[in-house]
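Accompanying notes for the structure given below.
Quick note: the coordinates plus some simple rules give every number you see, no bench work behind them. Computed from a predicted model, the values in this text were never measured in an experiment. Every residue, glycine as well, gets a Cβ built from its backbone with ideal geometry; the counts of neighbours run over all protein chains shown.
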Amino acid sequence: MEPCRSVRDILGKATRVLVVTHVKPDGDAIGSTTALILGLRCKGIGSRLLLFDPPPAKYAYVLEENQIDWFRVEKTWPADVDLRSFDALAVVDTGTWSQLPGLKEHLANWKAPKLVLDHHLTQEDWADVKWVDTGAAAAGEIIADLFQNWEVRLDASIATVLFLAISTDTGWFQFSNTTPKTLRLAATLMEAGVDVERIYHMAFQNERPPRLALMSRALNSLELMANNRLAVMSLGKQDFEQTGADGGDTENLINLPLQVASVEVSIFLSEQPGPGAPIVRVSLRSKGKLDVAAFAQRFKGGGHARAAGLKMDGDLSSARRAIAAALAAELAAPES
Ligand SMILES: [Mn+2]
């Protein structure tokens, strides 16, 4: 059966759905899960959102405005998550366990159907139904397809959160994942009453001063390698501590070097603030031919051909050296 129908059938029979999205939720994660929850509400189906990190303020307002309560899972699984009260799981905007820490263990003996609605290339085979459309610009586009096939009316609230999802995942319709379908959907959503200027303001003109301080430090760390084809930036724990910035303030910094004509790949490393053994998060962006998802997979990461990520143990400078050298070698390799 086609995945859309299977998803519709399973959700239609459910009474309470657990809705989950990836760590460090972005605009698509918040927008598409909120849209799904509102759509389920229209159908008289209950749900609860579960997040692994608090949503950034620039997106969290849609949760408040739509009275969406969420379970917070960080170091420990909250005691009030009783899986028996749910009869379906909907994972949105990811299909990999590494993006859903602890969930696999908690679902070990859970019999209810598990759905994945996602647009990422990297997938694992654990869901009962996978609706993966790598041609979709955002998970929000898949939710919009679901609603069209399920006769869920796009009211202004649903349209707003779907617009948040597709506009942020396309870098305000600039990235290569933007398709005619994306723009047609955006037009439909505008007609349904989206306040576009407000979403732009909340997402892009609403930062705190530490964001600029962090940006300045990131640019200070910039190094161009491989005949200026590769850009590398990194931020250490002290950069976060001294500027008062947090992990969310790094968003999109990785795209800054891509404005240089010769730069094909941008690498951004950040040492995660907080206690515990050091973990370095590595983000990769490509505007050339290099498939960064394939590269990330060699380090147990994943993503899209043009945007991927991975994690490394150990200290920042050795992680930076290792990843930059491996990518420079990849760029130097003759094209196959
Ligand atoms: Mn997405």
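Note: relative contact order over the stretch 198-268, using C-alpha pairs below 8 Å and six or more positions apart, is 32 percent.
Put a plus charge on the Cβ of each Lys and Arg, a minus charge on the Cβ of each Asp and Glu, and nothing anywhere else: the dipole of the chain about its Cα centre is then about 320 debye.
Each of residue 191 and residue 225 was given a label point 7 Å from its Cα along the Cα-to-Cβ line. The distance between the two points is 5.0 nm. Our coupling estimate for the stretch 126-137, obtained by passing each phi through the Karplus curve with A = 6.51, B = -1.76, C = 1.60 and θ = phi - 60°, is 10, 7, 6, 10, 10, 10, 10, 10, 6, x, 6, 5 Hz, Gly and Pro reported as x. Taking a ≥ b ≥ c as the square roots of the Cα gyration tensor eigenvalues, with a/c under 1.5 meaning rounded and otherwise prolate when a/b beats b/c, else oblate, which class fits the stretch 151-212? Note, shape of the stretch 151-212 comes out oblate. Placing unit charges on the Cβ atoms of the charged side chains and taking the dipole of the chain about its Cα centre, the candidate lying farthest along the positive direction among 266, 304, 326 is 326.
Taking the number of Cβ atoms within 10 Å of each Cβ as an exposure proxy, the fewest-first ranking of 202, 1 is 1, 202. With a threshold of 28 Å on the Cα-Cα distance, the over-threshold entries among 24/300; 24/114; 43/181; 104/289; 13/311; 104/311 are 104/289; 13/311. An oblate overall shape is assigned to the stretch 179-333, the ratio a/c of its alpha-carbon gyration tensor axes (a ≥ b ≥ c) being 1.5 or greater and a/b not exceeding b/c.
Shape class for the stretch 30-176: rounded, because the ratio a/c of the largest to smallest gyration tensor axis (alpha-carbon atoms, square roots of eigenvalues) is under 1.5. For the stretch 115-180, a crude dipole built from +1 on the beta carbon of Lys and Arg and -1 on the beta carbon of Asp and Glu, taken about the Cα centre, is about 220 debye to the nearest 20.
Think of the stretch 131-258 as having a plus end and a minus end, set by charges on the Cβ of Lys, Arg, Asp and Glu; of 178, 221, 244, 221 sits farthest toward the positive end of this dipole. When both the stretch 309-336 and the stretch 49-73 are represented by their alpha-carbon centers, they are found 34 Å apart. Under the convention that each Lys and Arg Cβ holds +1 and each Asp and Glu Cβ holds -1, the size of the dipole of the stretch 215-336 around its Cα centre is about 300 debye. Across the chain, the relative contact order, built from alpha-carbon pairs under 8 Å that are at least six residues apart, equals 12 percent. Counting beta carbons within 10 Å around each of 77, 70 and listing the fewest first gives the order 77, 70. The simple spin-label model puts a point 7 Å past each Cα toward its Cβ; for residue 16 and residue 258 those points are separated by 4.2 nm.
Phi angles across the stretch 175-181 convert, under the Karplus curve 6.51 cos²θ - 1.76 cosθ + 1.60 with θ = phi - 60°, into 3J(HN,Hα) values of 6, 5, 6, 6, 10, x, 5 Hz, Gly and Pro given as x.
Packing around the peptides 36-48, 181-193, taken as the average count of other Cβ atoms within 10 Å per residue, puts them in this order, highest first: 36-48, 181-193. Relative contact order of the stretch 1-150: 27 percent, from C-alpha pairs under 8 Å at least 6 residues apart in sequence.
Phi angles across the stretch 230-241 convert, under the Karplus curve 6.51 cos²θ - 1.76 cosθ + 1.60 with θ = phi - 60°, into 3J(HN,Hα) values of 10, 10, 10, 9, 8, 10, x, 3, 5, 5, 6, 5 Hz, Gly and Pro given as x. Residues whose amide H falls under 5 Å from that of residue 132, counting only those 5 or more places apart or on a different chain, are 118, with hydrogens built in the peptide plane.
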